[in-house]
Amino acid sequence: MPNIDFLNQQQLFAILLFLAVFVMAWVLLGLLLRRDENPLKNRLKSPTRSIEVDDIPKEGVFAPLINRISRAAAAPLMPKQREEQSRLRKKLAFAGMYSNSATHLFMGTRIILLLGGLLAGGLIALSLQQPVLSIGAACFVGLLGFTLPLLWLSGRIKARRRKLESSLPDVLDLMVVCVEAGLTLDASIQRVGHEIALAHPEISQELGITHMETRIGLSRIEALRNLGHRTGCSSLQSLAAMLVQAERFGTSIAAALRVFAESLRTKRQYMAEEQAAKTTVKLAFPVVLFIFPTVLVVLGGPAFILFYRSPLFANR
C-alpha cells in the first residue's frame, strides 16, 4: 500500500510538471512567434480601418453565458457603495476596459480563481496525506488566485500609461501638421486618431472616444478633460489643460502643440538618462549574489582541489 501511494505521488508530480512546462513553452512560443503584430501584414489586411466601427466590442456566441456566470460569481464581493463601484470602474478604465460588464467579469474572475485555487491546492496537498500541509497549501493557492487579477490589473494600467506617454509626441507632431494645413482641432483629432491606429492603437482609441463625445453634443473642453481623467495619464491631462487654455486665450494651437511635444521629448530623454544612471546600482545585486560566486568557484575551485591534494594535507 505505501508503494502504491508513492507511485501515485510520483505520477501526480510528473503530470503537474509536464503541464507546467507545456504551458510555459506555449506562452514563450506565443510571445516569440506572435504574428498578429506585424504592421505590414495588418496594413495589407485592413488598409481602411475605421475607428468608429472597429473599436466597438463585438459580442461573441458565449458572451451572454460568460456574463451570467461572472455576475453570479461576483455577487458576494461586488461593492455595494457607489464610491467603491466608481473607484473600481475608474481602475478598469485606466486599463482600457470600458464595458459595463467589466466590473462583474473582474470580480467574478477573482472569485472563480479563489475557489479554483482552494480546490487545486487541497487536492494536491491531500495526495500527500498531510492535513496541516493540505490546509496551508489550499489557503496559499486560493489567496494567490484571488490576488492575481489585482496584480494583472496594476500591470496593465502601468503598461497602458507607458504606451500612451511614449506615443503622445508622435500624435502631437501629426496634430501640428493637420492644424497648420487648415483643419480644426476636432477634425485634427479625428484624422490623427485614424492615421495613428496601426502604430499606436491605445491612443487611437482614446482619440476616437474623444471625437465621438464631441459628436454627441459635449463641448470640446469637456471632451478634452474627459480624455485626461479617463486615461489617468499625466501627459494627457497636461495636454488637455494646455489645449483648453490655448482655446480660451486665443493663442496659436499649432505653436502650443509644437512646444508641448518638444517638452515631452525632453522629459522622455531625462527619464531615459535616469534609468541609465540606475543601471549600475541595479546590476550590483545580481553581480554580487550570482555572477561573483560563480566566477569565484570556477576560478578558485581547481586551485583549491590542487591545494587539498598537496603534501601539506597528505598526512591528515
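All of the numbers you see were taken from the coordinates with simple rules; none came from a lab. Computed from a predicted model, the values in this text were never measured in an experiment. Please note: Cβ atoms are built from the backbone with ideal geometry, for glycine as well, and neighbour counts cover all protein chains shown.
Summary of values
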| item | result |
| --- | --- |
| Approximate spin-label separation Asn226-Ser154, in nm, with each point projected 7 Å along Cα-to-Cβ | 3.1 |
| Within-13-Å neighbourhood charge of Asn226 [Cβ basis; K, R +1; D, E -1] | +1 |
| Net lengthening on full extension, Arg87/Leu289 (0.36 nm per residue, minus Cα-Cα) | 68.6 nm |
| At R0 = 30 Å, FRET efficiency that the Cβ-Cβ distance of Ser252 and Arg162 yields, to 0.05 | 0.50 |
| Taking Trp26, Trp152 and counting other C-beta atoms within 10 Å, the order from fewest to most | Trp26, Trp152 |
| Rough spin-label spacing in nm, given labels placed 7 Å along Cα→Cβ, for Ser310 and Glu274 | 5.4 |
| Residues Ser101, Ser188, Ser235, sorted so that the one with the fewest Cβ neighbours within 10 Å comes first | Ser101, Ser235, Ser188 |
| Segment 172-294 - percent relative contact order, Cα under 8 Å, separation 6 or more | 22 |
| Peptide ranges 162-168, 80-86 listed from the most packed, as the mean C-beta count within 10 angstrom indicates | 162-168, 80-86 |
| Cross-link pairs beyond the 28 Å C-alpha cut-off, checked among Lys163/Lys278; Lys91/Lys163; Lys91/Lys282 | Lys91/Lys282 |
